[in-house]
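The values are calculated or read from the model by the stated rules, or taken from the named source; none is laboratory data. Keep in mind the model is a prediction, meaning the values are calculated, not measured. Don't worry about glycine lacking a Cβ; one is built from the backbone with ideal geometry, like all the others, and counts go over all protein chains shown.
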Amino acid sequence: MRPPTPSSTPRRASLHAWCAASLAALVLSCGAAPAAPASPPAGAKITSTGAVAEVAEVAAVGEDDAAVPISTSDPAWGSRRALVSVVLFGDLQCPFTGKVLTTVHALEEKYGPADLRVVWKELPLSFHAEARPAAEAAEAVFILGRSDAFWRFAEQALAHPSDLSAAAYEAWAVGAGVDLGTFRRTAAAHAGGAKVDADHALADRLHVSGTPTAFVNGVQVSGAQPVERFVAVIDAELAKAKSRLAAGVTPDALYTEASKANFKAPAAAPEDDDEPKADTKTVWNVPVGGAPVRGGASALVTVVVFSDFQCPYCKRVEPTLQRVRETYGDKVRIVWKDEPLPFHPHAMPAAELAREARAEKGEAGFWAAHDALFDAQPKLEDDDLVALGKKLGLDASRVRRAITEKKYEAQIRADVDLSDDVHASGTPHFFVNGRRLVGAQPFEAFQAVIDEEIHHAEDLVASGTPRRALYDAMMKTAVTPPLAEVREVAPRATAPFKGPAGAPVVIEEFSDFECPFCARAEPTLAEVTKAYGGKVKIVWRNLPLPFHKHAQLAAEAAAEAQHQKGNAGFWAMHDKLYAHQGDHDGSGLERPALDVYAREVGLDVAAFDKALDEHTHQAEVQADKDAAGAAQISGTPAFIVGGYLIPGAQPMNKFRRIIDKVIASGPAKP
């Protein structure tokens, strides 16, 4: 889970997930997993490749004063007194982190543990649904088995990004030498969460927003750079380190001094257009509707809270909200909006319980359940919820039915839709009389905005606005953003598609066979097809990005498959290309592999080779690229759904809302 601030939870996949927008400098690769390594001999340490290397004794002190601090709670390879330290911020679901770890293996072998130390920091990105759980599991393994076990676990996770799950974490933990029962208890207690949070906070302070990002004695190296790039920096730092030692710097102080000399604080990362931050100026239209409320309608200030009962950051902000209520009394009311995040499996059932408590016992029942759910976190399994309902005096059978039958799903979904409307794309998210605050902010952040809003509200009352009408009056002039941008795309009559030719909803998918986010969007499109059947037609449009060296030829290969075997041939080749996109050595989209897929799909390989050699389909690929350019689409994946733009690998809910709108009202008019 990647918070936009150190204290907030993740946004959904957004523009920052586009290959072109945020990963242009990186090289795509994904490793295949080796067998779990055997236990190391006594007195040896495991490298991240599984090789055994003798390692000097590690001092039991951290380097908290360094520009890029290193803690004794960080997984590490190499000596504490190594001449060069590489601090790597990584994401266990990120294919580029997997790529750079291969580079790290080579560096470990080249320099050895006396000259090189590699330190891991967790930076699970928000658009990787399993990255946060994987990070917490890895840190649980570190707690129980220290660095040796951590590297084994991390290797497995990075080698199997599509297999990340609780069951896999348990298997990898056991393979790393950790007792299963102890791991389960440690993971269930989220014991690794504090380390993940601390690494997040450090990343934000250093303005690190993507993975992998490395600091070599404080020198930043961003992206999955080749070995040569790291070697150049490391060699320079080795020379400097030897000079520092000769000048009298102690080995224990070497890293701290080097990092302070080398580190250059970067400018703050540019704002993400799709991720609103705290905004003290704009007033957003956030209706209260029939939401649960603490406080009266005559309050001067309304704080709308978008929250998730499984989110640890949401729990963290609850004492602050309690302090707001105690400080301001009836001047402030709190409005609850459900935003169960898709990667929190217990958030939706917990929301169902709270809604059932409201149905049985009114507002007081809801807030009692609200408090009890946060107190119970993380124990939110269905049986836990039923037991909690009994303690609250609820009908246990009704609670279980509400959970299993999703009785209040429509109400909860309405809140999620509203969060999408106002771009409340992470939890917790707040609107103070419509003014945005993001994340588990301290009391002082709320206080500053609330005090201003009290003065504003008092002025409105003095000018004749009834107190009970204050919020509605403010919302009349508030901003209501459109559901999605409208884009017009020139059609290509011969473009491959699936679904009925005359379907009422057409989805133009601009994609790139080498883009990992495009591959990640494919299951969502399958979900769309399953949900809407004959109402949707998906049309493929090529947008091979210039920094993906295999994407153009892969697009031409798929076009030739369509030429020989129609739409069925195209989609068969499409599936092959995405299935092998992340092959271990990067060869999954190279020319020899394309020939293999052509044979497997049943193509005439001689004709296939001729088409690729002569670039027979280059013009049609270029036509799609031109159409994308005319529609101001420069990143992948991008979808035009009935004329509405969906940028990036967005969740199903985003597609559902726009598809429903197109079915109800017809395609957008430019």
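Output the qualifying pairs, or none if there are none: Cβ atoms under 7 angstrom, residues six or more apart or on different chains, first residue in the range 131-142 and surrounded by 24 or more Cβ atoms within 10 Å (Cβ to Cβ) and in a helix (DSSP H, G or I), second residue among the basic types (K, R) and at pLDDT below 95.
Within 7 Å, the pairs are E139/K195.
Step by step: first the residues of the range 421-454, then only those that are on the phi < 0 side of the Ramachandran plot and among the small types (G, A, S), then the one that is surrounded by the fewest Cβ atoms within 10 Å (Cβ to Cβ). Which residue is that?
A448
For A531, are the conditions met, namely being surrounded by 22 or more Cβ atoms within 10 Å (Cβ to Cβ), not in a loop (DSSP other than H, G, I, E, B) and not β-branched (V, I, T)?
No: the conditions fail for A531.
Considering only residues that are of a type in the set (A, V, I, L, M, F, W, C) and closer than 20 Å to F89 by Cβ, look in the range 144-182 and name the one that is surrounded by the most Cβ atoms within 10 Å (Cβ to Cβ).
Among residues in the range 144-182 that are of a type in the set (A, V, I, L, M, F, W, C) and closer than 20 Å to F89 by Cβ, the one surrounded by the most Cβ atoms within 10 Å (Cβ to Cβ) is F153.
Look through T302, T327 and report the one residue that is over 18 Å from D420 (Cα atoms), touching a residue at least 12 places away in the same chain (Cβ under 8 Å) and not in a helix (DSSP H, G or I).
One residue alone meets the criteria, T302.
Residues of the range 197-239 being out of contact with any Leu (no Cβ under 9 Å at 6 or more places or on another chain) and among the charged types (D, E, K, R), which ones?
D197, D204, R205, E228, R229, D235, listed by residue number.
Kindly evaluate D420 against the criterion of being assigned to a helix (DSSP H, G or I) and over 18 Å from A299 (Cα atoms).
Here the answer is yes, as D420 does meet what is asked.
Within the range 488-499, can one find any residue that is modelled with pLDDT of 95 or more, over 22 Å from Y532 (Cα atoms) and of a type in the set (F, W, Y)?
No; the residues of the range 488-499 include none that is modelled with pLDDT of 95 or more, over 22 Å from Y532 (Cα atoms) and of a type in the set (F, W, Y).
Name the single residue, out of those in the range 330-354 being charged (D, E, K, R) and either in a strand (DSSP E or B) or surrounded by 21 or more Cβ atoms within 10 Å (Cβ to Cβ) (or both), that is modelled with the lowest pLDDT.
Once the filter is applied, the top-ranked residue is E339.
Given the criterion modelled with pLDDT of 95 or more and touching a Gly at 6+ places or on another chain (Cβ under 9 Å), identify the matching residue among H574, H617, H580, H563.
Going through H574, H617, H580, H563 in turn, the sole match is H563.
Could you identify the single residue in L125, L116, L144 that is of a type outside the set (S, T, Y) and either in contact with a strand residue (DSSP E or B) (Cβ under 9 Å, 6 or more places away or on another chain) or at positive phi (or both)?
Of the residues listed, the single one that is of a type outside the set (S, T, Y) and either in contact with a strand residue (DSSP E or B) (Cβ under 9 Å, 6 or more places away or on another chain) or at positive phi (or both) is L116.
Listed residues I640, I633, I658, I663; which is part of a loop (DSSP other than H, G, I, E, B) and modelled with pLDDT of 90 or more?
I633
Working only within the range 176-198, note down all residues that are more than 10 Å from V141 (Cβ to Cβ) and not in a loop (DSSP other than H, G, I, E, B).
Residues satisfying the conditions are L180, G181, T182, R184, R185, A188, G193, A194, K195, V196, D197, A198.
Within the range 74-113, work out how many residues are more than 28 Å from the chain's Cα centre (by Cα) and either part of a loop (DSSP other than H, G, I, E, B) or at pLDDT 95 or above (or both).
Selection size over the range 74-113: 7.
Answer yes or no as to whether K565 is over 27 Å from the mean Cα position of the chain (by Cα) and not in a helix (DSSP H, G or I).
No, not satisfied.
D613 passes all but one of (1) within 18 Å of A559 (Cα to Cα); (2) surrounded by 15 or more Cβ atoms within 10 Å (Cβ to Cβ); which number fails?
Single failed check for D613: (2).
Of the residues that make up the range 498-519, is at least one in contact with a helix residue (DSSP H, G or I) (Cβ under 7 Å, 6 or more places away or on another chain), over 30 Å from P546 (Cβ atoms), in a helix (DSSP H, G or I) and in contact (Cβ under 8 Å) with a residue 12 or more places away in the chain?
no
Please state which one of L470, L460 is surrounded by 13 or more Cβ atoms within 10 Å (Cβ to Cβ), free of Cβ contacts under 8 Å to residues at least 60 places away in the same chain and over 33 Å from the mean Cα position of the chain (by Cα).
L460
Which residue pairs have Cβ atoms under 7 Å apart, sit 6 or more places apart or on different chains, and have a first residue in the range 401-420 that is buried (at least 20 other Cβ atoms within 10 Å of the Cβ) and a second that is among the hydroxyl-bearing types (S, T, Y)?
Here the result reads A402/Y408, each pair linking the range 401-420 to a residue that is among the hydroxyl-bearing types (S, T, Y).
What number of residues in the range 356-412 are in a helix (DSSP H, G or I), more than 18 Å from H346 (Cα to Cα) and not charged (D, E, K, R)?
Looking only at that region, the number is 7.
Whether any residue in the range 586-593 is among the polar types (S, T, N, Q) and either outside any loop (DSSP other than H, G, I, E, B) or in contact with a strand residue (DSSP E or B) (Cβ under 9 Å, 6 or more places away or on another chain) (or both) is what I want to check.
Looking for residues that are among the polar types (S, T, N, Q) and either outside any loop (DSSP other than H, G, I, E, B) or in contact with a strand residue (DSSP E or B) (Cβ under 9 Å, 6 or more places away or on another chain) (or both), one finds at least one in the range 586-593, hence yes.
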